[in-house]
Amino acid sequence: QRDFGETFTRASIPRQLVRRAYEQNKHRFVHPELVEVCHLLASVTPRAAPAEHSRARRVAQRAWKLAGLAARSPEAFLEIPQRLRREGGADGVKLTGESLVTPREGFTVEPFAAAAFALRQPGDLSPVVQTRFGYHVIYLKRRVPARDSPLAEVEQEVRERVFEQARRLAFEDYLSRLEARHRIEVPSKALPATGEGQR
């Protein structure tokens, strides 16, 4: 292991492995502008009765108000559903929270994406936004600039990402070659006897 550790470096990772890792993780290196957000959702279906929509909207508005007062971090924002349920403010509405990363188009529904991309600074809060899923409140964690980086530009970054995995695989291959070169045999007589009453 000492000999191997001194010889295997990031430059030792085969080019084909680097290329495969780049292709498998291309979304990290080639993507449009993104936003990373947290959002709360007061769920209601489009065909629900007007009274159900009104109740879900009221719960979302309570969540929005509470976020404005208490959400100083993404973690605090995502605790709001639990807090409202504990205080009886959820009013029987299913209120959930999650984090996600989205481009402007093609991943989230249009009203959600438009509201998310209207946020400018981390910590900014959207008004209550209606989609076919219900009523959302969106909290901006960060904006991620567009990226279009070919492998040649990010090769060192990719090598860094896969180094530990590549090193482990290469070490296993190294051990296999050592075992093949230096065959190890343990004579049966050298093994401790086993039987009833023996340890």
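The values are calculated or read from the model by the stated rules, or taken from the named source; none is laboratory data. A quick note: this is a predicted structure, and the numbers were derived from the prediction, not measured. No Cβ is skipped: glycine too gets one built from the backbone with ideal geometry, and neighbour counts run over all protein chains shown. To get the accessible areas, we keep the full protein, side chains included, count just its heavy atoms, and leave off ligands, DNA and RNA. Shrake-Rupley method; radii C 1.70, N 1.55, O 1.52, S 1.80 Å.
Consider the stretch 20-55. How many of its residues are in contact with a Gly (Cβ under 7 Å, 6 or more places away or on another chain) and farther than 22 Å from residue 118 by Cβ?
The qualifying residues number 2.
Between a residue in the stretch 51-70 that is closer than 14 Å to residue 138 by Cβ and any residue that is in a helix (DSSP H, G or I) and open to solvent by less than 80 Å² (accessible area, probe 1.4 Å), which pairs come within a Cβ distance under 7 Å, given they are 6 or more apart or on different chains?
If the second residue must be in a helix (DSSP H, G or I) and open to solvent by less than 80 Å² (accessible area, probe 1.4 Å), the pairs left are 63/80; 63/84; 67/77; 67/80.
Tell me which residues, restricted to the stretch 18-65, are within 14 Å of residue 149 (Cα to Cα) and part of a strand (DSSP E or B).
Within the stretch 18-65, 30, 31 meet the criteria.
List, please: which pairs have Cβ atoms under 9 Å, are six or more places apart or on different chains, and start with a residue in the stretch 117-140 that is touching a residue at least 12 places away in the same chain (Cβ under 8 Å) and end with one that is of a type in the set (Asp, Glu) and in a loop (DSSP other than H, G, I, E, B)?
117/33; 138/124; 139/124; 140/124
Looking only at residues in the stretch 164-184 that are more than 17 Å from residue 6 (Cα to Cα) and part of a helix (DSSP H, G or I), which one is least open to solvent (accessible area, probe 1.4 Å)?
The initial filter retains those residues of the stretch 164-184 that are more than 17 Å from residue 6 (Cα to Cα), namely 176-177, 179-184.
Among the residues that remain, those that are also part of a helix (DSSP H, G or I) are: 176-177, 179-181.
Details: 176: 67, 177: 113, 179: 117, 180: 84, 181: 153 Å².
The extreme case among them is 176.
Would a scan of the stretch 141-155 turn up a residue that is under 30 Å from residue 3 (Cβ atoms), in contact (Cβ under 8 Å) with a residue 12 or more places away in the chain and of a type outside the set (Phe, Trp, Tyr)?
Pass one, the stretch 141-155, residues under 30 Å from residue 3 (Cβ atoms): 155.
Going one step further and asking which of them are in contact (Cβ under 8 Å) with a residue 12 or more places away in the chain, we end up with 155.
Cutting the leftovers down to of a type outside the set (Phe, Trp, Tyr) gives us 155.
Among the residues of the stretch 141-155, at least one is under 30 Å from residue 3 (Cβ atoms), in contact (Cβ under 8 Å) with a residue 12 or more places away in the chain and of a type outside the set (Phe, Trp, Tyr), which makes the answer yes.
Test residue 193 against the stated conditions and say whether it is at pLDDT 85 or above and either farther than 19 Å from residue 26 by Cβ or among the aliphatic types (A, V, I, L, M) (or both). Walk me through it before giving the result.
On the way: at pLDDT 85 or above: no; either farther than 19 Å from residue 26 by Cβ or among the aliphatic types (A, V, I, L, M) (or both): yes.
Against the criterion (at pLDDT 85 or above and either farther than 19 Å from residue 26 by Cβ or among the aliphatic types (A, V, I, L, M) (or both)), residue 193 does not qualify.
Let me confirm something: among 51, 56, 60, which residue is surrounded by fewer than 13 Cβ atoms within 10 Å (Cβ to Cβ), on the phi < 0 side of the Ramachandran plot and at pLDDT 95 or above? Lay out the reasoning, then the answer.
On the way: 56 fails: surrounded by fewer than 13 Cβ atoms within 10 Å (Cβ to Cβ); 60 fails: surrounded by fewer than 13 Cβ atoms within 10 Å (Cβ to Cβ).
Matching residue, one of 51, 56, 60: 51.
Considering the stretch 136-163 alone, what residues qualify as being in a strand (DSSP E or B) and surrounded by 14 or more Cβ atoms within 10 Å (Cβ to Cβ)? Walk me through it before giving the result.
Quick first cut of the stretch 136-163, residues in a strand (DSSP E or B) only: 136-144, 147-148.
Across the stretch 136-163, the qualifying residues are 136, 137, 138, 139, 140, 141, 143, 144, 147.
Output the residue which, of all residues in the stretch 79-114 that are open to solvent by 20 Å² or more (accessible area, probe 1.4 Å) and assigned to a helix (DSSP H, G or I), is farthest from residue 69 (Cα to Cα).
So the residue we want is 110.
Examine the stretch 67-78 for a residue that is among the hydrophobic types (A, V, I, L, M, F, W, C), assigned to a helix (DSSP H, G or I) and touching a Pro at 6+ places or on another chain (Cβ under 9 Å), and state whether such a residue exists. Before you say what the answer is, go through the steps one by one.
Residues of the stretch 67-78 that are among the hydrophobic types (A, V, I, L, M, F, W, C), as a first pass: 67, 69-71, 76-78.
Filter once more, keeping what is assigned to a helix (DSSP H, G or I): 67, 69-70, 76-78.
Add one more test, that the residue is touching a Pro at 6+ places or on another chain (Cβ under 9 Å), and what stays is none.
No, there is no match, as no residue in the stretch 67-78 is among the hydrophobic types (A, V, I, L, M, F, W, C), assigned to a helix (DSSP H, G or I) and touching a Pro at 6+ places or on another chain (Cβ under 9 Å).
Kindly provide the set of residues from the stretch 63-77 that are closer than 15 Å to residue 122 by Cβ and either touching a Ser or Thr at 6+ places or on another chain (Cβ under 8 Å) or among the aromatic types (Phe, Trp, Tyr) (or both), ordered by number.
Correct list: 74, 77.
Can you find a residue in the stretch 15-38 that is within 30 Å of residue 168 (Cα to Cα), more than 18 Å from the chain's Cα centre (by Cα) and open to solvent by less than 90 Å² (accessible area, probe 1.4 Å)?
Checked against the condition, which is being within 30 Å of residue 168 (Cα to Cα), more than 18 Å from the chain's Cα centre (by Cα) and open to solvent by less than 90 Å² (accessible area, probe 1.4 Å), the stretch 15-38 yields at least one hit.
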